[in-house]
Amino acid sequence: DAGITQSPRHKVTETGTPVTLRCHQTENHRYMYWYRQDPGHGLRLIHYSYGVKDTDKGEVSDGYSVSRSKTEDFLLTLESATSSQTSVYFCAIGTPDPSGYNEQFFGPGTRLTVL
Amino acid sequence: DQQVKQNSPSLSVQEGRISILNCDYTNSMFDYFLWYKKYPAEGPTFLISISSIKDKNEDGRFTVFLNKSAKHLSLHIVPSQPGDSAVYFCAAAGGGGGNKLTFGTGTQLKVEL
């Protein structure tokens, strides 16, 4: 158990509404990540954070924003949800070793449906 | 452009036999590779990793092989057990900071009794 939780676990919303997903860790990892999983695409990186207030874009960042005001929390916001953002969202945490790499530990996921 | 490819969407193996899952990549900057296992309604779980300076890494029943010249890696599970039935993702990192992972599309492994 990597000490990582996501909330909510399930959410149904309507097109055009704002949505915020929360990732919370108790492991004090420096890096936090948001991925989305879709059939035929595997997992794709949306945004990541390498420290408090330090974030960067991933492969599929359009339509998403993130914030990290504390080490333990990483928020993903859909400013105006669209049906194409219906997906399962996973948060991950990790701390790269001196080589720059490390395994990432994943949360249980949030299933988001945009009607 | 799929930089990490798992060309077999599914694989069925008998209990006790070897499972071999394959993964190909196109980005020569990748130099760290991982395998994750995922059960339905759960997050991916890390299984094993390998750095590009090695060609093999073992952990119990799991062995990962890396062929850099072919840009190919494989995961061997011996012996396969029913509890190994899951979706397996390979992932790669490299060529930039942040330890960002690029995932394949996954292979559904079914281990039959």
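The values are calculated or read from the model by the stated rules, or taken from the named source; none is laboratory data. In this text, all values refer to a predicted model and were calculated from it rather than measured experimentally. Neighbour counts are summed over all protein chains in view; Cβ atoms, including those assigned to glycine, are modelled from backbone coordinates with ideal geometry. Just so you know, the surface numbers come from the protein's heavy atoms only, side chains and all, with ligands and any DNA or RNA stripped out. Shrake-Rupley method; radii C 1.70, N 1.55, O 1.52, S 1.80 Å.
Given a 1.4 angstrom probe, I'd like the percentage of the accessible area of chain A that is carbon and sulfur, rounded to a whole number.
Carbon and sulfur atoms account for 48 percent of the accessible area of chain A.
Under a Cβ-only charge scheme (Lys and Arg +1, Asp and Glu -1), can you give me the dipole magnitude of segment A:4-114 about the Cα centre, in debye to the nearest 20?
240
How much accessible area per residue does segment A:4-114 have, counting only protein heavy atoms and a probe of 1.4 Å, in square angstrom?
Solvent-accessible surface per residue comes out at 45 Å².
Using 1/(1 + (r/R0)^6) with R0 = 30 angstrom and r between the beta carbons of residue A:15 and residue B:10, what's the FRET efficiency to the nearest 0.05? Present the calculation step by step, with values, prior to reporting the outcome.
Values: r = 34 Å, r/R0 = 1.12.
After rounding, the FRET efficiency stands at 0.35.
Taking a probe of 1.4 angstrom, what is the accessible area of residue B:110 in Å², to the nearest 10?
So the heavy atoms of residue B:110 present about 110 Å² to solvent.
With each label point set 7 Å from Cα along the Cα-Cβ vector, what nm distance links residue A:22 and residue B:42?
The two pseudo-label positions are separated by 2.6 nm.
On the protein heavy atoms, probe 1.4 angstrom, tell me the percent of accessible surface of segment B:4-112 carried by carbon and sulfur.
Accessible surface attributable to carbon and sulfur in segment B:4-112 totals 48 percent.
Can you tally the lysine pairs in the protein assembly as shown where the Cα-Cα distance is under 15 Å and the two residues are eight or more apart, or on different chains?
Taking the Cα cut-off of 15 Å, the pair count is 10.
Total Å² of accessible surface buried at the A-B contact, 1.4 Å probe, nearest 100?
Using a 1.4 Å probe on protein heavy atoms, the buried area is about 1700 Å².
Of A:95, B:45, which has the most accessible area with a 1.4 Å probe, and how do the rest follow in descending order?
The ordering from most to least exposed comes out as B:45, A:95.
Hey, in the GNM for chain A with a 10 angstrom Cα cutoff, which one of A:18, A:96, A:39 fluctuates hardest?
A:39
Accessible area drop of at least 50 Å² (1.4 Å probe, protein heavy atoms): which residues of segment A:19-58 qualify, relative to the chain alone?
Buried-area filter returns A:43.
Averaged across A:91-100, how many Cβ atoms of other chains sit within 10 Å of each residue's Cβ atom?
Average per residue, whole number: 3.
Considering only C-alpha atoms, what is the centroid distance from segment A:37-108 to segment B:8-42, in Å?
Using only Cα atoms to place each centre, the spacing works out to 22 Å.
Cα-based Rg (one decimal) and Dmax (whole number) for the protein assembly as shown, in Å?
Expressed in Å, the Cα Rg and Dmax of the protein assembly as shown come to 17.4, 51.
Enumerate the calculated ³J(HN,Hα) couplings along segment B:43-59 in order (Karplus 6.51 cos²θ - 1.76 cosθ + 1.60, θ = phi - 60°), each rounded to whole Hz, writing x wherever the residue is Gly or Pro.
x, x, 10, 5, 10, 6, 9, 8, 8, 5, 7, 10, 10, 7, 8, 10, 8
Karplus couplings for segment A:17-25 from phi (6.51 cos²θ - 1.76 cosθ + 1.60, θ = phi - 60°), rounded to Hz, Gly and Pro as x?
Listing the rounded values in order: 8, x, 9, 10, 10, 10, 10, 10, 10 Hz.
Just read off the accessible area of residue A:103 with the full protein assembly in place, 1.4 Å probe, to the nearest 10 Å².
We get 50 Å² for residue A:103.
Could you please put A:115, B:34 in sequence from largest to smallest accessible area, using a 1.4 Å probe?
The most accessible residue leads, giving A:115, B:34.
What nm distance separates the two modelled labels at residue B:108 and residue B:27, each placed 7 Å from Cα along Cα→Cβ?
Simple spin-label model gives 2.8 nm for this pair.
Given a 1.4 Å probe and heavy atoms of the protein chains only, how would you sort B:31, B:1, largest accessible area at the top?
B:1, B:31
For chain B, what is the accessible area per residue in Å², given a 1.4 Å probe and the full set of protein chains?
On a per-residue basis, 47 Å².
Would you mind getting me the FRET efficiency between residue B:72 and residue A:84? Use the beta-carbon distance for r and R0 = 35 Å, nearest 0.05.
For residue B:72 and residue A:84, the calculated efficiency is 0.60.
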